[in-house]
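What follows is a set of notes on a single structure, which appears directly below.
The values are calculated or read from the model by the stated rules, or taken from the named source; none is laboratory data. Since we're looking at a predicted model, the values are computed, not measured. Don't worry about glycine lacking a Cβ; one is built from the backbone with ideal geometry, like all the others, and counts go over all protein chains shown. For the accessible areas, the whole protein counts, side chains as well, though only heavy atoms, and no ligand, DNA or RNA atoms are used. Shrake-Rupley method; radii C 1.70, N 1.55, O 1.52, S 1.80 Å.
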Amino acid sequence: MTSMPSNVATRPRKSIDGWRWVGRLFLALMLFYTAVPMIWMLITSIKSGFAAMQFPPQWWPNEPTLASYYKLLDPTSSVGNDFLRFFWNSLFVSVSTTILAVIVAVPAAYAFSRFDFPGRKFLFFTVLLRNMFPAVIFLVPLFILMRLLGLVNTHGSLVLTYLTFGLPLAIWLLKGFYDNIPHQLEQAARIDGASRFQAFILIVMPLSAPGIIATAIYSFIGAWNEYIFAYTFLNKNDQLTLPIGIQRFFSENTTDFPGLMAASFMMSVPVVVLFLLLQRYFVRALTEGAVKH
Amino acid sequence: MAHVVLRNLVKTYGPHTAVNNVSLTVNDGEFVALVGPSGCGKTTTLNLVAGLIPITSGDISIGDRVVNDVDPKNRDIAMVFQNYALYPQKTVYKNLAFPLQMRRLPRDEIDRKVKEAARVLDMTHLLERKPRELSGGQQQRVALGRALVRDPAVFLMDEPLSNLDAKLRVQMRSEIKRFHQDLEATIIYVTHDQLEAVTMADKMAVMNGGFLQQYDSPAQVFNHPVNMFVASFIGSPAMSLIPLEASSANGRTVLTGEEGWSIELSPHNARKVERSTTKKVVLGARHSTIKLSTSPVPGAIPAKAYTVEPTGDITFVQALLSGAVVNISVPPTMPVAPDQPIWLEFDQERMHLFDGATEMALEAD
Ligand SMILES: Nc1ncnc2c1ncn2[C@@H]1O[C@H](COP(=O)(O)OP(=O)(O)OP(=O)(O)O)[C@@H](O)[C@H]1O
Ligand SMILES: [Mg+2]
């Protein structure tokens, strides 16, 4: 009487375990696939220029050196001077984009979620419409627009462009968040003595914090990594953002691989730090709404 | 404290009318229970009074002030929501303190009031928990507590006890009732539970399909339902409603059932039937007003027991008459078995008569 049910109970568990191992293997392969180039980037960045060109490659440099990093971070050298300027340019553009994206997306998403205004469906559709076309299609039209606005060769042109691309998804993501927050919470707050605005700030905003953080990270990374538009809109050397800057000054000099790798590594630092700090919220944002609570 | 007046209140959602021309007055300090089937507009009515949704037409006054365009926070009301609506990111303590903070009370007074409410609701040990760490019943008590910490003009409660177990519900019922008496609070209380309505409320408002059906004391609603809906909705088991055919000859009025049996009406009841707009009259009788015999009685209606449900101190017998299910209660000592022939007598004093076409109660004068 006892043996049969236990048999029934263990068999499905075994097959679930089997799948779990397949899943782990798959994840391990993916990790390998994404991690190896990064590790190679790091290793190359601490080689000397000569060691980096050797074949067969040195798996681990005979004489590891941080010379490339010193060079890049030294404001007195011309390379370091450029690199730091590009870095600040990128930071400025990305942070501006992020702040503006949050400032615009939060109320827009809230309005789409809560208010029933005429043309709401149509407007929301047009917000998403942008995402149905590849970004490059907008390159020329946006360039012409920026020229009309007198924004070519300014960081403003990039911020505006990145918002065009980042906002639709940000609004869409945040709207999902607000849809999942019961109306009754705001209603309760309004009865408890809050104005509509206070109910939003005191009750809804904290609840949507994971969504806002996810939106911010998404906007930041989008702006930080963007290449084509930055390449098209900016010409003056002192305005370049990191992706263009790195590409440009290393192809001008003979290819300095350790320097290039060190610069690439430092470029990925802000993104990695952001992720590590806010990962908790980011994961919650992406899984929120999966389970009804 | 204040009185609340609804005048011709209407709320439509597109083509659908959720609240239809409702007028009622809740006097200062009165406890009014709003009852009705699911979807009849109870929550919508409460939300209109709270100002959470805009009125389509009509007026609401709280105290002597028309509040149609007043913001919820300025209406001086507290509300318990059907689904609690606790702030998930705040602890129980902060949930209770929030309405007081919004009213800028001093910190020590907030602390005192919160602890007092927690004590009354027996949740002092829960104050540091988040809502998701509470059971449904505990969440409900917090929701109630958040309304009770304040001293508003009107309390609105949307099924505040629906998720408590039977014991806690009885306890909270007396708690709310005492609270009502101590504070002389004006309370509008939505409930599915008739027993709650009958035991707690000064008045009952019965709604159906967005319309207010009857607004009266629980006893009046129970004893003098204005129409067939109220008659069948209030009381458990429901009042039996038997469709019959009325006829008069030689100054005698009789009601005849499908099976051919008939009852002669008392002169008082005969006068009621005269007012009917059709020959079709519906006889309403509560289970306790029908006399059941297991042997033939002159003038009694012959029937057959259909089901027999012993509940302990009362046994319910069901029979079919004129196509309607008739509920009769008998002492558990009476030997009745399914399919056994039985004889039924209706109490002329306590029977209800309804117009078969309008479904309204027939009155003698
Ligand atoms: N926002 C809305 N949009 C459209 N229809 C609505 C909306 N809110 C309520 N209704 C409709 O109005 C009617 C009344 O709803 P209401 O919530 O007041 O019912 P209720 O009496 O509280 O029911 P229950 O006992 O199930 O809580 C229902 O038919 C409902 O479908
Ligand atoms: Mg309801």
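Condition check ((1) free of Cβ contacts under 8 Å to residues at least 12 places away in the same chain; (2) open to solvent by 40 Å² or more (accessible area, probe 1.4 Å); (3) not assigned by TED's automatic domain parsing to the domain that holds residue A:183) across all residues:
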position	(1), (2), (3)
A:24	yes, yes, yes
A:40	yes, yes, yes
A:50	yes, yes, yes
A:64	no, yes, yes
A:69	no, no, yes
A:83	no, no, no
A:98	no, no, no
A:107	yes, yes, no
>> I need the full set of residues from the stretch B:129-173 which are open to solvent by 70 Å² or more (accessible area, probe 1.4 Å) and either assigned to a helix (DSSP H, G or I) or away from ligand 2 (no atom under 16 Å from the Cβ) (or both), in order please.
In response: B:129, B:132, B:133, B:151, B:165, B:166, B:167, B:170, B:171
> Out of (1) within 14 Å of ligand 1 (Cβ to nearest atom); (2) over 16 Å from residue B:77 (Cβ atoms); (3) within 14 Å of another protein chain (Cβ to nearest Cβ); (4) among the β-branched types (Val, Ile, Thr), what's the single condition that is false for residue B:188?
Replying inline: (2)
> When you look at residue B:294, is it open to solvent by less than 30 Å² (accessible area, probe 1.4 Å) and β-branched (Val, Ile, Thr), yes or no?
Replying inline: no
> Can you pull out the residues in the stretch B:239-268 that are outside any strand (DSSP E or B) and open to solvent by less than 60 Å² (accessible area, probe 1.4 Å)?
Replying inline: B:239, B:257, B:260, B:261, B:265, B:266
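For the stretch A:149-215, give me every one of the helices (runs of 4 or more DSSP H) that falls completely inside it and has 3 or more residues that are at the interface with chain B (Cβ under 8 Å from one of its Cβ atoms). So that I can check it myself, show each step before the final result.
Details: elements: A:155-180, A:183-191, A:196-199.
In the stretch A:149-215, A:183-191 are the helices (runs of 4 or more DSSP H) which contain 3 or more residues that are at the interface with chain B (Cβ under 8 Å from one of its Cβ atoms).
Scanning for something part of a loop (DSSP other than H, G, I, E, B) and away from ligand 1 (no atom under 11 Å from the Cβ), does the stretch B:2-22 turn up at least one residue?
yes
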> Of everything in the stretch B:137-185 that's more than 14 Å from chain A (Cβ to nearest Cβ) and within 16 Å of ligand 1 (Cβ to nearest atom), which residue is farthest from residue B:207 (Cα to Cα)?
Replying inline: B:163
> Does the stretch B:91-99 contain at least one residue that is away from every other protein chain (no Cβ under 14 Å) and open to solvent by 20 Å² or more (accessible area, probe 1.4 Å)?
Replying inline: yes
> What are the residues in the stretch B:60-90 that are facing chain A (nearest Cβ under 9 Å), in a strand (DSSP E or B) and surrounded by fewer than 17 Cβ atoms within 10 Å (Cβ to Cβ), if any?
Replying inline: none
> Looking at residue B:202, is it among the charged types (D, E, K, R) and within 14 Å of chain A (Cβ to nearest Cβ)?
Replying inline: no
